[in-house]
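The values are calculated or read from the model by the stated rules, or taken from the named source; none is laboratory data. Given the structure is predicted, the values throughout are model-derived calculations rather than measurements. Using ideal geometry, Cβ is built from the backbone for each residue, glycine included, and neighbour counts are taken over all protein chains shown.
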Amino acid sequence: MNAPSLAKRAAAATPAPLATRMRGLSDRAIACLFIAPTMVLLLAINIFPLLWTIHLSFTNYRANRPNAPLVDVGVDHYVSILSDPDVWAAMQATAHFVFWTIALQTLIGFALAYLIDRKFRGHGLWTTVILIPMMLSPAVVGNFWAFLYQPQIGLWNYAVSFFTGIPPASFTMIGSVQLAPWSIIIVDTWMWTPYVMLICLAGLRSIPDYIYEAAEVDRASRWRQFWSITIPMALPFIMLAVLFRGIENFKMFDMVNLLTSGGPGSTTEVASITLKREAFEKWRTGYSSAFAIVLFVTVFGLANIYVKALNRVKNR
């Protein structure tokens, strides 16, 4: 006996005046009717702010002067952003941060996933321990590492001194122009390497055992199996992890703001910190809206190019 259609089931639970109309609708129409409120809500939350930001980016609007006359400035904000050396310095700092965090997280995350996939004794416990940093709030992690980086009482300087012999009070991580960018990279790598590890572990677990068995029959060495089987078949998952972390790190704000606030000077002033200062310290809302659109287009464009490369790897 065939199950009643979606339209008939919906009509049975509907008051009589509407039941007749609902019986005449197809299952597809009923499904669209049910998801319509959610789609409208998502459009209101995502699309409207984007369109409003685009509109503000062509004006001189300031949030601290909402009643001031609104003047259309055309593309002046975009021209100013693209020709501002401070903006390019912030983008350079962002690129430095994104590159090194992705490189370290991918290498360490894949190495940890490869070791855990060997299923040694106690691997479940160690997996849980490794995942702890990812479970913490960024605010907690930022304040925790800010304490560790203190040159007088923090444990980081003493740990470095123990392994290198450098006096603990002779350097400061978040106060040094050379070391401050690396202090943020270390914290982000510590926190989000487990996330990359999980994605890489899913890729390793997706490789069928019979492929390795066939390689062993052909007398392929472990090294050959690693480079010819493990890496190629796990590569889509590795690239997916790089995509996710690249997008998130390009938008990084909370960790940088908690640790250095863009200092010393503007050494660690990534694009999100510059955007915050323009919007909420200088109150240049129109200018900051244009900057936000520039960042959005940059991330969206790079992500699209990367996704095309990822699809080619998956379909090869």
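Identify, by number, the condition in (1) of a type in the set (Phe, Trp, Tyr); (2) in contact (Cβ under 8 Å) with a residue 60 or more places away in the chain; (3) under 23 Å from SER261 (Cα atoms) that PHE110 doesn't meet.
Only one criterion is unmet by PHE110, namely (3).
Could you tell me how many of the residues in region 141-172 are exposed (fewer than 12 other Cβ atoms within 10 Å of the Cβ) and either of a type in the set (Gly, Ala, Ser) or closer than 26 Å to MET197 by Cα (or both)?
Total meeting the criteria: 3.
May I ask you to list pairs of residues, at least six apart or on different chains, whose Cβ atoms are under 6 Å apart, with the first in region 217-241 being of a type in the set (Gly, Ala, Ser) and the second being part of a helix (DSSP H, G or I)?
Pairs that qualify, where the first residue is of a type in the set (Gly, Ala, Ser) and the partner is part of a helix (DSSP H, G or I), are ALA234/GLY203; ALA234/LEU204; ALA241/VAL196; ALA241/ILE199.
If MET233 satisfies all but one of (1) buried (at least 21 other Cβ atoms within 10 Å of the Cβ); (2) at pLDDT below 95, what's the number of the condition it fails?
Of everything listed in (1) buried (at least 21 other Cβ atoms within 10 Å of the Cβ); (2) at pLDDT below 95, MET233 misses just condition (1).
Would you confirm, using the coordinates I've provided, whether VAL313 is touching a residue at least 12 places away in the same chain (Cβ under 8 Å), assigned to a helix (DSSP H, G or I) and more than 23 Å from TYR78 (Cα to Cα)?
yes
Going by the conditions given, is ARG62 modelled with pLDDT of 60 or more and among the charged types (D, E, K, R)?
On the way: modelled with pLDDT of 60 or more: yes; among the charged types (D, E, K, R): yes.
The answer is yes for ARG62.
For every residue, the table says whether it meets (1) of a type outside the set (Ser, Thr, Tyr); (2) closer than 27 Å to SER266 by Cβ.
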| residue | (1), (2) |
| --- | --- |
| ARG121 | yes, no |
| GLY124 | yes, no |
| VAL141 | yes, yes |
| VAL160 | yes, yes |
| SER170 | no, yes |
| PRO181 | yes, yes |
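Would you mind stating whether ALA31 is over 24 Å from the mean Cα position of the chain (by Cα), in contact (Cβ under 8 Å) with a residue 12 or more places away in the chain and in a loop (DSSP other than H, G, I, E, B)?
On the way: over 24 Å from the mean Cα position of the chain (by Cα): yes; in contact (Cβ under 8 Å) with a residue 12 or more places away in the chain: yes; in a loop (DSSP other than H, G, I, E, B): no.
Answer is no for this residue.
Of the residues that make up region 208-215, is at least one of a type in the set (A, V, I, L, M, F, W, C), out of contact with any Phe, Trp or Tyr (no Cβ under 7 Å at 6 or more places or on another chain), in contact (Cβ under 8 Å) with a residue 12 or more places away in the chain and surrounded by 12 or more Cβ atoms within 10 Å (Cβ to Cβ)?
For region 208-215, residues of a type in the set (A, V, I, L, M, F, W, C), out of contact with any Phe, Trp or Tyr (no Cβ under 7 Å at 6 or more places or on another chain), in contact (Cβ under 8 Å) with a residue 12 or more places away in the chain and surrounded by 12 or more Cβ atoms within 10 Å (Cβ to Cβ): present.
Only one of these conditions is not met by ARG21: (1) at pLDDT 60 or above; (2) over 26 Å from the mean Cα position of the chain (by Cα). Which number is it?
(1)
Being at pLDDT 90 or above and within 17 Å of ILE102 (Cα to Cα): is that true of VAL256 here?
The answer is yes for VAL256.
Tell me yes or no: at least one residue of region 273-288 is assigned to a helix (DSSP H, G or I), within 17 Å of ASP86 (Cα to Cα) and touching a Gly at 6+ places or on another chain (Cβ under 6 Å).
Yes, region 273-288 contains at least one residue that is assigned to a helix (DSSP H, G or I), within 17 Å of ASP86 (Cα to Cα) and touching a Gly at 6+ places or on another chain (Cβ under 6 Å).
Would you point out which residue out of LEU179, LEU125, LEU107 is over 23 Å from ILE247 (Cα atoms), among the hydrophobic types (A, V, I, L, M, F, W, C) and within 24 Å of the chain's Cα centre (by Cα)?
LEU179
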